[in-house]
Amino acid sequence: MTKLSQHVAILVDSCSDVPADFIAAHHLYMVPMTIAYRDEIYLDKVTIDPETVYANLDKEIPKTASPTGNLIAEAFANIKADGYKEVIAICISSGLSGTYQQVQLAARVSELDVSVIDTKNIGIASGLTAILAAQLSEEGLHKGEIEARLRTVAKRTKVFFYVPTLTYLQKGGRIGRVAGMAGTLLNIKPIISCDENGIYYPIAKVRGEKKTLLKMKKLLADTIAGAKRFNLAVADGANHKIAAQLTAELHQLYPQAEHIFTGNVSPALGVHTGPGLIGLGVQVLA
C-alpha cells in the first residue's frame, strides 16, 4: 500500500486500538498516549507493551495522559512530509480522555486541513471508525464525504466489555456511571459500554464469567439485528484464550460479517482495566 493511495491522511490515537497489522497495511498515523511511572515515561504501544504494564500493576499503577502537543505536532509534520494536505483525526471519547481537545488545539495551528472526530467511544469501537476512515479514503472519497459518513456510523458503533475487577477503573478515576457497583459482591460482573456522551456505564449486570460472555454475545446480536452490513471485533487484555474462543464463535455465527478484527487493548487502557478484559466491538455500516 503506497502512502498516497489515500486522498486523506488518517490519524488515530493509540487507545483506539486499531490492530497493528491494519495500521501498517493501510498507512495510518498513530499518536501515542503517555504512561508515566515514578522513574520513567513511556509511549503507549511504542516503548511499552501491555504485558509489562500488567506485570507491574501490583508494584505501581502508573499515570496515563493524552498525547502531548509535541507528539501531535510531530505526527502532523510526518503527514505533511508524506505529501498530504488533508487529515481526519480519530479520537477516543472526550468524556474519558483529553485527547480530542489536545488534537483540536494542535490542528488549529497546523498548516494542514484537519478535521477531528470525537467517537464518543473507547478502544476498538473507536478504532473501527478509524478503519472505516482509511477504507473510505482509499476509495477516493473527499474529506467532507468521509467525515459525514464517519459521524453517522460512529453513532452505530458499540463496545461491550467486562473486567474481572473494577479496582483499576476505580483507582484510575475512569469508572464513570459504573461507580455505584464498585463494592458489588457475589461475583456480579458489569458489562460496560459507552453512553451517548462517551461515558462508561453498566449496560448489564451478570453473575459469573460464563453468563457474562453469553450476555455480551446477546448484546452484540441485538445491535446488529436487521443490519445488512457490519464489522465485528474482539479485544482482550491478557485473556487470549477466551478471546480466541469468542473470535471462532463469531466467525461461525456471522459469516456475513465484512471483517472480524482482533487485537490487544493498549497498554494505556490496560492501566485502567487491569488484566483479564474481554471486549466485543460492533459497527453497523448499513
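The values are calculated or read from the model by the stated rules, or taken from the named source; none is laboratory data. The model shown is predicted, which means the values in this text are computed figures rather than measured ones. All Cβ positions, glycine included, derive from the backbone under ideal geometry; neighbour counts span all protein chains shown. Side chains included, ligands, DNA and RNA excluded: accessible areas come from the protein's heavy atoms. Shrake-Rupley method; radii C 1.70, N 1.55, O 1.52, S 1.80 Å.
For the reader, a short list of remarks on this structure follows.
- Dipole axis of segment 61-139 (+1 Lys, Arg; -1 Asp, Glu on Cβ), positive-most option in P62, A77, L128: P62
- Ordered from largest to smallest accessible area (heavy atoms of protein chains, 1.4 Å probe), the residues L43, L219 come out as L43, L219.
- Cβ-Cβ FRET estimate between D113 and V46, R0 fixed at 35 Å, reported to 0.05: 0.85
- By a 1.4 Å probe calculation restricted to protein chains, H27 has an accessible surface near 40 Å², given to the nearest 10.
- With the convex hull of the Cα atoms taken as the outline of the chain, the averaged projected area works out to 14.2 nm².
- Ranking of L105, L11 by solvent-accessible surface, largest first: L105, L11 (1.4 Å probe, protein heavy atoms only, all chains present).
- Percent accessible area from carbon and sulfur atoms, the chain, protein chains only, probe 1.4 Å: 52 percent
- DSSP bridge orientation in the chain - percent antiparallel, rounded to nearest 5: 55 percent
- In terms of distances greater than 30 angstrom between alpha carbons, the cross-link table entries K143/K189; K171/K211; K205/K241; K63/K211; K63/K215 yield K143/K189; K63/K211; K63/K215.
- Å² per residue, accessible surface of segment 1-94 at 1.4 Å: 46 Å²
- Here's how it looks for K45: its modeled amide H is under 5 Å from those of A268, which are all 5 or more places away or on a different chain.
- Taking the chain and dividing mean pair separation by its residue count, relative contact order in percent (alpha carbons under 8 Å, at least six apart): 23 percent
- Amide H contacts of V116 (H built 1.01 Å from N, under 5 Å, at least 5 apart or other chain): A89
- Electrostatic tally near A243: other residues with Cβ closer than 14 Å to its Cβ, Lys and Arg +1, Asp and Glu -1, net -2.
- Each Lys and Arg Cβ is given +1 and each Asp and Glu Cβ -1; about its Cα centre, the chain then shows a dipole of about 1180 debye.
- If R0 is 25 Å, the Cβ-Cβ spacing of D82 and H259 corresponds to a FRET efficiency of close to 0.45.
- Rounded to 5, the percent of DSSP beta bridges in segment 223-279 classed as antiparallel: 25 percent
- Residues whose amide H lies under 5 Å from that of V265, counting only those 5 or more places away or on a different chain, are D236, G237, A238; hydrogens are built 1.01 Å from N in the peptide plane.
- Near D39: Cβ cut-off under 13 Å, other residues only, Lys/Arg at +1 and Asp/Glu at -1. The net charge is +1.
- Heavy atoms of D21 accessible to a 1.4 Å probe, total area in Å² rounded to 10: 110 Å²
- Debye log10 I(q)/I(0) for segment 66-130, one point scatterer per Cα, at q = 0.22, 0.26, 0.28 Å⁻¹: -0.89, -1.13, -1.22
- Most mobile of K217, K189, K241 in a GNM of the chain (Cα contacts under 10 Å): K241
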